[in-house]
Amino acid sequence: MADEGSIAERFEQAVQSKLGGDYDRAETLLKSVLSEQPNNPDAHHELGLVYGFRASDESLPHLLRAVQIVPTSVPYMIDLGKTFAMFGEDDKAKMAFDHVLKLDPFNEEATKNLDYLG
């Protein structure tokens with residue numbers, strides 16, 4: 001996999017593959033990035049999203065890891081909350097969205113999701 005370019009190039013290829021619906025390629029590239037940079041929050045986040053699109057419970061550990069590495073990331077926390085909700089873990093989803101509102105009190109996406117969850 002190293003012949004596919006630098007870590008940044010592989011990451012960008014993974015994102016483009018994900019956006020194009022080629023989740024297998026995105027997964028392979030992101031795992032390659034993480035094998036060299038195991039604490040890369042963007043790679044964990046993107047891999048969590050790839051697994052989420054497949055409705056795989058493997059998504060949560062990667063999204064949680066991204067949030068652990070960068071606890072102030074609103075996009076990471078929003079995606080974590082949405083994924084918790086997708087898997088029926090509404091209480092955890094609410095905690096994630098509440099955390100977003102502590103970071104960004106006027107975040108519309110977190111507010112809408114909290115309203116939806118009740």
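Read-outs throughout are calculated quantities, based only on the coordinates presented, and are distinct from any laboratory measurement. Since the structure is predicted, the reported quantities are computational estimates derived from the model, not experimental observations. Every residue, glycine among them, receives a Cβ derived from its backbone with ideal geometry; neighbour counts consider all protein chains shown.
Label reach from ILE7 (point 7 Å along Cα→C-beta): in segment 22-58, amide nitrogens under 12 Å belong to 32-44. What does the C-alpha gyration tensor say about the overall shape of segment 20-96? Classify as rounded when a/c is under 1.5, otherwise prolate if a/b is larger than b/c, or oblate. Oblate, since a/c reaches 1.5 and b/c is not below a/b. Angle of helix 90-103 to the longest C-alpha principal axis of the chain, folded into 0 to 90 degrees and rounded to 10: 90°. Relative to the longest principal Cα axis of the chain, at what angle does helix 41-53 sit, 0 to 90 degrees, rounded to 10? It is inclined by approximately 80 degrees. Reachable lysines from LYS112, Cα under 19 Å, same-chain residues fewer than 8 places away excluded? Counting by Cα, and skipping residues close in sequence, LYS112 has these lysines nearby: LYS82, LYS92, LYS94, LYS102. Sites listed here are chymotrypsin sites (Phe, Trp or Tyr not before Pro) in segment 18-68 whose DSSP assignment is loop and whose Cβ has at most 12 other Cβ atoms within 10 Å, and the list is empty. Let me check against my output: what whole-number percent is the relative contact order of segment 1-70, with C-alpha pairs under 8 Å and at least 6 apart? In percent, rounded to a whole number, it is 24.
Expected output is a single nm value to one decimal: the length gained when fully extending between GLU109 and ILE69, i.e. 0.36 nm times separation in residues minus the C-alpha distance. What is it? Present the calculation step by step, with values, prior to reporting the outcome.
On the way: separation 40, 0.36 × 40 = 14.40 nm, distance 2.21 nm.
Length gained between GLU109 and ILE69: 12.2 nm.
Which trypsin sites (Lys or Arg not before Pro) in segment 1-66 sit in a loop by DSSP (not H, G, I, E or B) and have at most 15 other Cβ atoms within 10 Å of their own Cβ? Please report the intermediate quantities before stating the final value.
Working: sites: ARG10, LYS18, ARG25, LYS31, ARG54, ARG65; in loops: ARG54.
Those satisfying the criteria are ARG54.
In straight-distance terms, cross-link reach from LYS18 covers every one of the aspartates and glutamates whose alpha-carbon lies under 17 Å from its own, apart from those fewer than eight places away in the same chain; here that gives GLU4, GLU9, GLU27, ASP42, GLU46, GLU58, ASP79.
Assuming a ≥ b ≥ c are the square roots of the Cα gyration tensor eigenvalues, decide whether segment 71-118 counts as rounded (a/c under 1.5), prolate (otherwise, with a/b larger than b/c) or oblate. It is oblate, given that a/c is not under 1.5 and a/b is not larger than b/c.
Once the Cα atoms are used to define both axes, helix 23-36 deviates from the longest principal axis of the chain by about 80 degrees.
Measuring between their Cα centroids, segment 77-118 and segment 1-42 lie 27 Å from each other.
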